[in-house]
Amino acid sequence: MVDEYQVIYEYSAAATISFKTNDLTITYTRPKMRVDVRVDGTIVVTDPGNSQKIFQFTARISGADMDTLNTVQSAAIVYTGDYPRIQKIYWNGATTETNIEVAMTELKVLDKGAGWWAVAVTMVEKDQ
């Protein structure tokens with residue numbers, strides 16, 4: 001079991017925010033798969049092979065990072081085909097996921113005082 005993950009979110013070229021978390025969840029989905037049951041009871045599966053990952057985690061970040069994240073998420077983000085993305089995910093020091101184009105679909109924040117913020121983040125991989 002991994003004790004801590006580091007998720008590096010690159011919102012534009014060389015501009016990153018790093019999250020350290022111990023509760024990273026990755027959900028693997030098939031968003032374009034369709035399962036139909038016909039009148040005669042036959043089940044037909046249509047699967048064009050598209051897959052998608054949903055990343056969810058909580059972390060504690062500094063006030064400076066929260067200010068940047070607030071500015072980035074409040075602005076009209078330009079999805080360039082390269083950014084925003086998860087630049088890297090470190091699993092106990094080893095990188096296993098890199099350069100995954102994502103949209104941050106949910107951001108919850110809570111002021112923890114002394115310049116620190118608790119954040120809950122959901123990032124959805126852009127369709128493959």
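Structure values in brief
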read-out	value
Selection within region 70-101 - surrounded by 11 or more Cβ atoms within 10 Å (Cβ to Cβ) and under 24 Å from residue 3 (Cβ atoms)	86, 87, 88, 89, 90, 91, 92, 95, 97, 98, 100
Output for region 4-33, where each listed residue is closer than 17 Å to residue 97 by Cα and of a type in the set (D, E, K, R)	4, 10, 20, 23
Subset of region 88-128 [among the basic types (Lys, Arg) and touching an Asp or Glu at 6+ places or on another chain (Cβ under 6 Å)]	126
Within region 2-25, tally of residues that are on the phi < 0 side of the Ramachandran plot and either exposed (fewer than 13 other Cβ atoms within 10 Å of the Cβ) or more than 14 Å from the chain's Cα centre (by Cα) (or both)	9
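Where a number appears in this text, it was derived from the coordinates with a stated rule and is not lab data. What you see is a predicted model, and the numbers here were worked out from it, not measured in a lab. For neighbour counting, all protein chains shown are included, and Cβ atoms are generated from backbone atoms with ideal geometry for every residue, glycine included.
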